[in-house]
Structures are given as C-alpha cells and as structure tokens.
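The values are calculated or read from the model by the stated rules, or taken from the named source; none is laboratory data. Since the model is a prediction, treat every value here as computed from it, not as a measurement. Counting neighbours? That spans all protein chains shown, and the Cβs are built from the backbone with ideal geometry, glycine included.
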Amino acid sequence: MVGPVAHTCDAIVVGAGYIGCAVASALAGAGLRTALLDRGPIPGGASRANYGNVQVQDAELAHSLPMVTAGWRRFADLERELGCSVGYRRMGSLLLIESEAQWRLMAARLPALHAAGIAAELVPAAHLAELEPLLDPWAVLGACYHANEGQVSPFAFLAAFLRLGRRRGLAVYPYTEVTGFDMAGGRVVGLRATDQRFSAGAVILTTGAWTPRLGRLLGRHWAIPHVHGQALVTERVALTLRNHLASAAFFEQMHVVEDASSHPPEHGTAAASAASPAVLAVAQSTDGHFLLGEAGVVTEDLGAQATWQGQAAIAREVTRFLPALARLRVLRGWAAPVAFTADGLPFLGPVRDLPGLILATAFKSTVVVAPLIGDVVAQLVCTGRTDLDLQPFSPDRTIAHAHG
C-alpha cells in the first residue's frame, strides 16, 4: 500500500487569499522552501470576491493605525517590487453619513486619523456633488472624505504575488485540504492534507473564516466569526465613479454584531442568508463595471451561494444613494464567508503553547496591509521578532463580546 506523498519544507502557508499569497511570496523571497496550500482553487476564500480597495480611513483606531499606514506606504513602490502592474490607481473614499449619531461617530475619529497623517474631513451634503456627481446628496447628511486611497485589480494583485513567489521557488498546491496537524515535542512540525504530508519548521494559517475549523483540529477555539457577504457586478458603462463609497453604518452594523461569536445562528440555515441586511459599499473596476454591495449576516455556513433576497437588498440600497445606476444590468452576483473579530483586530502572531504555528487572519481591510504582512511574517519566521508590535493582535488575547 502506497503511503501519502511527503514534502519537506521550511514553511507552509495555508490559505491562498491576499494575505496567504503575500506571505508565501515573502517567505520564499527570504530563501525558505515554502509551500502554499488552499482547500479550493486559487485565489481562495473571501479574496476571490473582493473590490480590491486599498482602504485607509476606516482603520480600527486604538491599535491598527500604525499597521495600516505602514501598509499604505508600501504601495508607493509596490508594482516595481512585484515587477508588473496590478492596476493600482489612486482614488478617494467617502463614508456616507445618514444620521447625527453617525456624524458624531465620524467626527470623533478625526483626531486619531489626523495624528496618523490621514487627511480625512467631514463634508456636508451640500458640497458632496463636487466630490461625487453620481451621489444623490439628499440621501445623506454628509460624508467623511479622504482623497488619498486607492484600488488594485484583485486578480492581478494576487497573480503578481504568485508569479513572484514561483520565481523564488514557491510550491503551490490548490485543492489541498488540511485534515490534521503533526506534533513533536509539543511543537507543530507539519500537517496532513488529503493524500499528502507536509513537514516544516513553521506553519502559517491565513485561512479567514475557515480558521476556527482548523483550530478545532488543534484543540483551540478561536473567536473568529464570519458573515455571509454578498455583492453584485454590473455591465460596463461610461459612467465614472470618482471615489469608492461606503456607509458610516458599517461602524454600527456590519462589524458590530452583539455576541456574534458566542451566539451564532444554526449551521447552514436558509434563514441566515435569506435575511441578509444591506449596507452600502460601492466601487468601480478599472474597466467600468460597478461593484455593488454589500449584504451580510453572521452565520456558521461557509458556503458561497448568493441569494436573491440579499441581491435585492443590495439593489435597493445602492439606488437609494446612486439613482443613476438604477437601469444598469447586473451581470452576476457573488457571495463569500468573510471573517471578522469582535474587537476589530486581526489574529496575527505566534500561538501560545503551540510553537511552530503562526496566525495571520481576519483583517478588517486586507488589501492595504497584505504586502506589509508578508514582510512581517517572514521577519517573524526568520528572526523570531518583528518591527511591528504584534501584542494587540495576539491570537491568545481575550476578546470581549462588546463591539466598538
């Protein structure tokens, strides 16, 4: 009887989304024999259903601003480093405000943003037409505006890291699902995946919504819930969106889910996705397609099936703010499980009592930090330390169920 195929590596990265591809490429660039695994096709998970926005002003304020601003600076020279275009362009962002409470919430964020060098400002509705002509100013009280954000082409961004990684010797294994971990002397020394076995000095999980499932294989119960997120793509049109738009309601709704990790809905329930609320999140691809979203509900379902209820909710929400889009044809919809944490901070760093294991997952805005996190994890694996303070992001921290 033939045993599993054995692979010997220095590092194994599980999860081939934005973070996983950037981490794997950086590890290979550091001279480590690196394998990148994903349970499905590549790109995987939520990264295959993403606008590519390089977001800055929506950062979690207490601990994440140094990480986000350092990540943003990496984009100035990123295409040269990658050796190709990733469709990177500068553009602004508007966080739309509909209530006095949201106005106060956005105003309270400004001092911290300004201290970090993020030139955000509150703009009354009367002046929004100058910034975004497609927006109906009567639908809002105003917006929090930041002129200096950006966007990449999502698949070009991922492909660039994969190409660079492969040139550096990266081995890529799609459709390779982890079924168990190998331990020796209390240390994680590898993993089992289908009919293959991988050994390595470091295992890095960049697995988003699937991270708790893998944690249970190790006896860990990481508090990483997820939403079933949905979005739509329209036909290509001549209309031009100058900014990517989102709602200040995101700070109240999409990631402020009371006791999400302790009281999830029943696994796989149809009601979970049928009841999807929608909160505005709109961008436009470089070739003119509008990307409309998003609907989401906390669930244990890891499926990627879009629902007509969620898509209808998105259409209603988008046309309320952008009536000029009402007659556009929708080409397709998508859905994906999108991980988050109750405190808005990623799980980033080594796991206590499981040497050899590192987590890099559940980031609030992923594109802006992906190249930086690649460097951070490579530094951690190679030297045991990082220039970025990882203590607030420890996978072993206690997360309160009160969101803020």
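Of all the numbered requirements in (1) under 26 Å from A295 (Cα atoms); (2) in contact (Cβ under 8 Å) with a residue 60 or more places away in the chain, P66 misses one, and that requirement is (1).
Pairs meeting the criteria (first residue in the range 292-308 and assigned to a loop (DSSP other than H, G, I, E, B), second residue surrounded by fewer than 18 Cβ atoms within 10 Å (Cβ to Cβ), beta carbons under 7 Å, at least 6 apart or on different chains) are V297/A275; V297/P277; E300/P264; E300/P265; E300/H267; D301/H267; D301/G268; T307/A274. On the stretch given as the range 309-333, residues that are touching a residue at least 60 places away in the same chain (Cβ under 8 Å), under 25 Å from the mean Cα position of the chain (by Cα) and farther than 24 Å from A125 by Cα total 6.
Residue selection: T234 fails the criterion of being at pLDDT 85 or above and part of a loop (DSSP other than H, G, I, E, B).
Of the residues making up the range 336-348, those that are crowded, with 24+ Cβ neighbours inside 10 Å and closer than 17 Å to T386 by Cβ are P346, F347, L348. Within the range 361-400, if we keep just the residues that are surrounded by fewer than 19 Cβ atoms within 10 Å (Cβ to Cβ) and of a type in the set (V, I, T), the residue that is nearest to W72 (Cα to Cα) turns out to be T386. When restricted to residues that are at pLDDT 85 or above and in a loop (DSSP other than H, G, I, E, B), the range 265-291 contains 4. One residue stands out in the range 10-38 among those that are surrounded by fewer than 20 Cβ atoms within 10 Å (Cβ to Cβ) and in contact (Cβ under 8 Å) with a residue 60 or more places away in the chain: the one that is nearest to P154 (Cα to Cα), namely G29. Scanning the range 212-239 for residues that are among the charged types (D, E, K, R) and closer than 30 Å to A342 by Cβ, we see that the one that is surrounded by the most Cβ atoms within 10 Å (Cβ to Cβ) is R220. Of the helices (runs of 4 or more DSSP H) contained entirely in the range 1-107, those carrying at least 1 residues that are among the charged types (D, E, K, R) fall at 65-74, 78-82. From the list T307, T299, the lone residue that is assigned by TED's automatic domain parsing to the domain that holds A238, touching a helix residue (DSSP H, G or I) at 6+ places or on another chain (Cβ under 8 Å) and surrounded by 21 or more Cβ atoms within 10 Å (Cβ to Cβ) is T299.
Taking the conditions (1) assigned by TED's automatic domain parsing to the domain that holds R109; (2) touching a residue at least 40 places away in the same chain (Cβ under 8 Å) in turn, Y175 satisfies each one other than (1). The residues on offer are G169, G180, and the sole one that is surrounded by fewer than 16 Cβ atoms within 10 Å (Cβ to Cβ), in contact with a helix residue (DSSP H, G or I) (Cβ under 8 Å, 6 or more places away or on another chain), assigned to a strand (DSSP E or B) and modelled with pLDDT of 95 or more is G180. With respect to the conditions (1) among the aliphatic types (A, V, I, L, M); (2) in a helix (DSSP H, G or I); (3) closer than 30 Å to A101 by Cα, A223 falls short on a single one, namely (2).
Does the range 325-345 contain at least one residue that is part of a loop (DSSP other than H, G, I, E, B), of a type in the set (G, A, S) and over 30 Å from A378 (Cα atoms)? Yes: one or more hits.
Here V318 meets the list (1) surrounded by 21 or more Cβ atoms within 10 Å (Cβ to Cβ); (2) under 30 Å from A202 (Cα atoms); (3) at pLDDT 95 or above almost entirely, failing just condition (2).
Each row is one residue, and each column tells you yes or no for (1) in contact (Cβ under 8 Å) with a residue 12 or more places away in the chain; (2) surrounded by 17 or more Cβ atoms within 10 Å (Cβ to Cβ); (3) of a type in the set (D, E, K, R).
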| residue | (1), (2), (3) |
| --- | --- |
| L122 | yes, no, no |
| D136 | yes, no, yes |
| G165 | yes, yes, no |
| W210 | yes, yes, no |
